[in-house]
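Novice: Attaching a single structure in structure tokens format; questions to follow.
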Amino acid sequence: MHALRFIQRFSIFITFCCLTSDAAVGLFDSESDVGSPARRGGTILNSSDSSYTISGGGSNMWFSTDAFHFVWKKVSGDISLAADIAIPTSEGDPHRKAVLIIRQSLEADSPYADAAIHGDGLTSLQYRETKAARTYEIQSNTQGPKRLRIEKRGRYVSMSVGANGTDLKPAGGSFRLELQEPYYIGLGVCSHNNDRLETATFSNVELNNRTVLGTNLLSTLETITIASKDRRSVWTTTNRIEAPNWTKGSDLIFNSRGRLFQIPVAGGIPVEIDTGIANRCNNDHGISPDGKSLVISDQSQGDRKSRIYTIPLLGGPIKLITTNAPSYWYGWSPDGQTLAYCAERGGEFDVYTIPVNGGEERRLTTAKGLDDGPDYSPDGNHIYFNSDRTGTMQVWRMKTDGSDQKQITDDEFNNWFPHSSPDGKHLVFLSYEKDVKGHPEDKDVTLRIMPLAGGKPEVLAKLFGGQGTINVPSWSPDSRRLSFVSYQRLP
């Protein structure tokens, strides 16, 4: 009996040692440590079920460099990798992680994306866009799933999760990652403690070519933390959803199929908001400064042209504000007395304001072309809007009486829907590539942010979106986060 146990242990030891060489490891070409872990990692391939038990060291996979053990294969084209992942219960760091990973190279600071499950159950899609850049993540609202999948389709990488062995479902959120072919794909483990090794087992591993971008839509309601630029998936659906607002509490409001819905920021089930006769609401809606009323743009009545209405957030009679049409709401003055909107009158789209209880509208812009997306500054002294009067769509600012109109952005993008943070420190807007006309849906777009006091715009997120992503004010009341909608095309 003792001899048999010795032979079994010796066999496992030999397998472990041999697989730390350049030999093939099951579906993969080879394995190696990435970065400089203090303790060398390795792999045991179980021939009975083709599972991979991987031990890895390393202090972290984050910031601008990584240290972990990687079982890899060189590939080209679009591809997916899926596996059941088990991290044994231990005293290890809660941030130890097992990952399905795509990397440009084996260098520690390589661009990469991974679907990571942590020791404490946190599951996220992590990425480094360029060499030596910092790492960001999109957190899933599923905790500790049994199965993960990472997919690269075209310029985008995404993650799917399967809880308790159920079918994989998109976790929501994707990002653009430019990789040169060939690149690496495989399995990895990081202990998050350079003095020890941690182990994870990957079973039912599937590696497949993915060559077709699908036509089915996935909408993801997301939030992004301004300080870290990390994203979190709130809710996903195969319906098109658009234009989230943030309530004074902890809920988000969005539109879908002509209706408005409310959902907790932490996730949950959306609940339809009763908007009465307004059953063709578009993506131009918002919340009053006191948090008690909704303003909506609806085209369900009469000539089917968009008009602006207000309605109590908790339910009540709907009130028509603009009799002229079409009118599309975008901003509510901080004192709650005035609405700003874009309207087409006589073939020209311009910025208008109107008292919140209705009355005579006031035209603020007269330049030829499109003036759109007006929203107030938090102090109530200015209105930010976007205009193509100089040839491309750029962000402008004017006083609330329409005077002193000044261009704020001047770059190679088409910039839409500027919204200032409640604390008056930042302006966020949506940028299309320079050859994109209008604000269509389903395009490569970038969320950008700039200081209101002046400075260059920075990238918040690169995503597949456009119309519906941030048409309306979507800042959290404390100015720390922003809500938006991203999209994916699935098979």
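Coordinate-derived values only; no laboratory data. Keep in mind the model is a prediction, meaning the values are calculated, not measured. Cβ sites come from the backbone with ideal geometry, for glycine too, and all protein chains shown count toward neighbours.
Novice: Which of W62, Y52, P111 sits closest to the plus end of the dipole of the stretch 2-209, meaning its Cα is farthest towards the positive end, when Lys and Arg get +1 and Asp and Glu get -1 on the C-beta?
Specialist: Y52
Novice: With Cβ to Cβ distances under 11 Å as the rule, what net charge do the other residues near E412 carry (K, R +1; D, E -1)?
Specialist: Once all neighbours under 11 Å are counted, the net charge is -3.
Novice: Taking a ≥ b ≥ c as the square roots of the Cα gyration tensor eigenvalues, with a/c under 1.5 meaning rounded and otherwise prolate when a/b beats b/c, else oblate, which class fits the stretch 368-491?
Specialist: Note, shape of the stretch 368-491 comes out oblate.
Novice: Here's another thing I want to ask about it. Taking a ≥ b ≥ c as the square roots of the Cα gyration tensor eigenvalues, with a/c under 1.5 meaning rounded and otherwise prolate when a/b beats b/c, else oblate, which class fits the stretch 247-490?
Specialist: rounded
Novice: Can you list the residues, at least 5 places off or on another chain, whose amide H is less than 5 Å from the amide H of D109, using H built in the peptide plane?
Specialist: Long-range HN contacts for D109: D66.
Novice: Can you compute the charge dipole magnitude of the chain about its Cα centre, using +1 on each Lys and Arg Cβ and -1 on each Asp and Glu Cβ, nothing else charged? Give it in debye, rounded to the nearest 20.
Specialist: Dipole of the chain, to the nearest 20 debye: 520 debye.
Novice: Still on this structure, please answer the following. Which one, S228, S203, T215, is farthest towards the positive end of the dipole of the stretch 196-316 when Lys and Arg carry +1 and Asp and Glu -1 on their Cβ?
Specialist: Comparing the listed Cα positions along the dipole, T215 ranks first.
Novice: Taking only DSSP H segments of four or more residues, each worth -39500 (n - 2.57), what value at 222 nm results for the chain once the sum is divided by all its residues, to the nearest 500 deg cm²/dmol?
Specialist: About -1000 deg cm²/dmol.
Novice: Right, something else. Which of the peptides 35-42, 84-91, 223-230, 186-193 is most tightly packed, and how do the rest follow, judged by the mean count of other Cβ atoms within 10 Å per residue?
Specialist: Ranked from most to least packed, the peptides come out as 186-193, 35-42, 223-230, 84-91.
Novice: Which is farthest toward the positive dipole end of the stretch 93-182 among V161, I138, L125, measuring Cα position about the Cα centre, with Cβ charges +1 (Lys, Arg) and -1 (Asp, Glu)?
Specialist: Ranked along the dipole, the leading option is V161.
Novice: Can you tell me the order of 278-288, 408-418 when each peptide is scored by its average per-residue count of other Cβ atoms within 10 angstrom, highest first?
Specialist: Ranked by mean Cβ neighbours within 10 Å, highest first: 278-288, 408-418.
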